[in-house]
1. Sequence neighbours fewer than 8 away in the same chain don't count; with that in mind, list the lysines whose C-alpha is under 25 Å from Lys330.
2. For the range 300-387, report the convex hull volume of the alpha-carbon atoms normalised per residue, in Å³, without decimals.
3. Arranged from highest to lowest average of other beta-carbon atoms within 10 Å per residue, in what order do the peptides 316-324, 197-205 appear?
4. Give the share of C-alpha pairs in each 5 angstrom bin for the range 353-430, from 0 to the last occupied bin, in whole percents, shortest bins first.
5. Starting from 0 in steps of 10 Å, tell me what percent of the Cα-Cα pairs of the range 156-296 lands in each bin.
6. Provide the per-residue ³J(HN,Hα) series for the range 116-132, in order, calculated from phi with Karplus coefficients 6.51, -1.76, 1.60 and θ = phi - 60°, each as a whole number of Hz, with x at glycine and proline positions.
7. For the peptides 61-69, 304-312, what is the packing order when you average, over each peptide's residues, the other Cβ atoms within 10 Å and list the highest mean first?
8. Using modelled amide H (1.01 Å from N, peptide plane; none on Pro or chain starts), what sits under 5 Å from the amide H of Tyr84, excluding residues fewer than 5 places away?
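Nothing in this text is a laboratory measurement; each read-out follows from the coordinates by a stated rule. Please read all numbers here as calculations on a predicted model, not as lab measurements. We place every Cβ from the backbone using ideal geometry, glycine too, and count neighbours over all the protein chains shown.
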Amino acid sequence: MIRNKRPVLLAAGSGLVVLAGVLAALGPATSNASSHREAPLIAGDPQADNTDLYAFTSPDAPGTVSLVANWTPFQEPNGGPNFYPFATNARYNIKIDNNGDGKADVVYRWTFRNEDRRGNATFLYNNGPVKSLTDATLLFRQRYTLQRVTPRGTRTLVKDAIAAPSHTGRASMPDYGALRAQAVRAVPGGGRTYAGQADDSFFLDLRVFDLLYGGNLSETGQDTLRGYNVNTLAIQVPKSALALRGNAGRNPVVGVWATTDRAGAGVRVGKVAAGGYRQVSRLGNPLVNEVVVPAGLKDAFNRLDPSQDHKVKPLVDRVLKPEVPMLIQKIYGIKAPATPRTDLSQIFLTGVAKRTGPIKADLNSQLLNRDVNARAFKPAEMLRLNMAVPVTRRPNRLGVLAGDLQGFPNGRRLGDDVLDISLQALEGAALTGRIVPALANGDAVNANDRAFGTSFPYVALPHSSAVNKAG
C-alpha cells in the first residue's frame, strides 16, 4: 500500500522537507486543554461529549487507518453503581471528508441498546467475577450496531455486538484485557472495531486555566487526567475505504471529525424544540473549541457542520486573530505574532499545501488529492491525515514540529503532544522556526501515564483504582 502511494508523496516531497527543516529545531511549548467539557451545554451532557479524536496509519497494519474517538470525560473508576454506559438515544459518529467540500463522504455510526437484568433484585452492576462478555454475572451490558453511511446508502457492518463493560474493579473483572479482546469485532471488507471503556489517552496539566499555569509557569508537571477513564469507539479499515474514489494512491488525504447526535424533543436548536436527531457535539482538531472559539460561540460551533465554517465570520476571525497569543503577551510579555494569521488558517481550516497560505509545503490538504475539484473546496475545521506518509519507526511526541511528518497536525497519534505542538503553532513556530525560550519546558507532562498498546485498538486499558487516594 505505501509503495503505491509514493508518487503522490514524492510530488509533495520538497515542500515536506522544507516544513520539516523549518520546524525540526523547535522544542516544546506551553500547553492548553483538550475537549473535555469545552462548551456550556455539552458540559451538562457527558455521554454526548467528545473528548479527543485520533487518526493515524496503523503502525502494525500500514495498509489501514485507525480512527479512535473518546466520549464521557473524567470517569472516576469507582463511579458505581451505574458506572459509564454509552447513551441509547444518541448516534456516535466518525466522519470523513475526502474531497474537501467540508461534507461527510463516509460516516461510521454506532448506536447502543441496554440489556439490564438487575430489575428490583439488586443494585449491583455484576454479582460475581466477570471473565466473559456473556457471563451471567454481568448484569448490565450494552449492545451496539455499527453502520457505514455514504451518499450511496447505509450498510450495517456489525449488528448487536457486545461492548466492553465499565471496569468495576479487579475482584469483579480480574482480566479486563481478555474482555477487551472479546469486544474487538471484525468489520466486513477488512478491519476491526472496538467499543468500550479505556484509559483517557490525553495527557496534560489542566492548570493552564489558572492564568496560563499560574502566571509564572509554576503550576506544571501534574497530569490532570491521570487515573481517569473514557468511553472509546475505534475502527480500523483499509485506506481505500476512506479515500476519494477508493483510490488512496491518487487521493491519500482525508479530513476526519467526530460528532454526537441526540434524539428527542428535549434537543433544542436555538429557542425551538426539535424532534429527531440533532448534532450536539463536534470535534476535529484538538484545542479549537477550547481556545480558539470564544465562549459565546462554543455551543453554536458544536452544532455546525464543517461545510458551514467558512461562512461564519466570527469563527474565521478568531482563527485569523487568535486570543491565546495575546494572552501570552499580556501575562508573559512575549510579543504576539502579527495578524491576520493565515498560517493558522492553513493548519485549522484548509490543511497545509503550498497553494493555501504562507506555509510553503504540501502536507495534508485535500487539494493534494488528484481527483479533487478545487472549485468545490471549502475551508473547514477538521483533523486532516495524509495516508501516504509512511509510519515512523521512532515516533516523536512533537510530530511535524520535530520533523516527524506522520505526527500532528498530520493526523493525530495517541502519543502526540498536541498541546505543546498547538501552542507553538499559535506562537508562529511554523513560520519563524524559533521556540519561545520562556515557554520551552512546556507543561512538563510529556507522555501518558500508561503505555499504549502495539495493536488495535491501541488505547491503554482502563483504570480500576480511585483517582482520589488516601494520603
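1. Filter leaves Lys298, Lys321.
2. Cα-based convex hull of the range 300-387, divided per residue, equals 123 Å³.
3. 197-205, 316-324
4. Per 5 Å bin, starting at zero, the Cα-Cα P(r) for the range 353-430 comes out as 3, 15, 23, 27, 17, 10, 5, 0 percent.
5. Final binned percentages: 9, 21, 31, 28, 10, 0.
6. 10, 9, 6, x, 9, 8, 7, 9, 6, 6, 9, 10, x, x, 10, 10, 8
7. 61-69, 304-312
8. Those lying under 5 Å, H to H, from Tyr84 are Ser166.
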